[in-house]
Amino acid sequence: MLVIKILLWPRGDHTRERELGVATISNVGGTLQTGNYEAVLLKSGEYSAAARARPLEQRATRPLSKEVWKRGAVEGFARQRLGPWDLLFRALGSLIDRRNPGVSFDAEVRGDEFGREPDYQHTGSGSGDEGRTLSDLSGSGWKEP
């Protein structure tokens with residue numbers, strides 16, 4: 001599991017550190033060459049009392065639905081050719097690209113296929129806004145395997 005924390009250090013002062021966001025990216029299958037991942041954006045303690053109630057280790061590994069902001073997925077990621085920044089880029093695309101109108105984030109830019117609705121059996125029911133769905137992908141070049 002990758003855990004990505006966005007921290008604010010006001011004026012570069014690490015002693016005043018504030019957590020603005022946390023994301024997790026978990027390997028959920030694939031092959032040696034290509035991986036499938038679930039991406040989760042957790043609510044930040046900065047903005048959510050539910051997020052302040054439990055330590056990050058618990059929120060990241062066993063998030064409650066009230067602690068999750070969005071869920072998405074990356075499938076067919078070339079894990080032997082690409083690195084963690086590429087995976088984060090694709091994960092963010094599956095989670096928040098609709099919040100950024102005018103920014104192109106299609107399969108040709110990414111070089112893969114993403115956006116398949118994740119399987120939530122192992123992580124709970126989700127938050128109600130689970131990122132992209134199959135119906136959102138019409139015209140994107142994504143084809144169901």
Residue list for region 71-93, filter: small (Gly, Ala, Ser) and under 20 Å from Leu32 (Cβ atoms): Ala73, Gly76, Ala78, Gly83
Pairs, first modelled with pLDDT of 90 or more in region 82-98, second in a helix (DSSP H, G or I) and not hydrophobic (A, V, I, L, M, F, W, C), C-beta under 9 Å, six or more apart: Leu82/Arg90; Asp86/Arg110; Phe89/Arg110; Arg90/Arg110
Any hit, region 45-62, residues being touching a Pro at 6+ places or on another chain (Cβ under 9 Å) and hydrophobic (A, V, I, L, M, F, W, C): no
Qualifying residue in region 101-113 (condition: within 22 Å of Val3 (Cβ to Cβ), surrounded by fewer than 19 Cβ atoms within 10 Å (Cβ to Cβ) and either under 17 Å from the mean Cα position of the chain (by Cα) or modelled with pLDDT of 60 or more (or both)): no
Residue that is modelled with pLDDT of 90 or more and either under 11 Å from the mean Cα position of the chain (by Cα) or surrounded by 12 or more Cβ atoms within 10 Å (Cβ to Cβ) (or both), where the choices are Lys70, Lys43: Lys70
Failed item, numbered, when Ala51 is tested on (1) closer than 19 Å to Leu88 by Cα; (2) at pLDDT below 90: (1)
Leu137 vs. criteria farther than 17 Å from Thr34 by Cα, modelled with pLDDT under 60 and not acidic (Asp, Glu): yes
Residue match in region 22-35 (condition: in contact (Cβ under 8 Å) with a residue 12 or more places away in the chain, among the small types (Gly, Ala, Ser) and surrounded by 21 or more Cβ atoms within 10 Å (Cβ to Cβ)): yes
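The values are calculated or read from the model by the stated rules, or taken from the named source; none is laboratory data. Computed from a predicted model, the values in this text were never measured in an experiment. Virtual Cβ from ideal backbone geometry, glycine too; neighbours counted across all protein chains shown.
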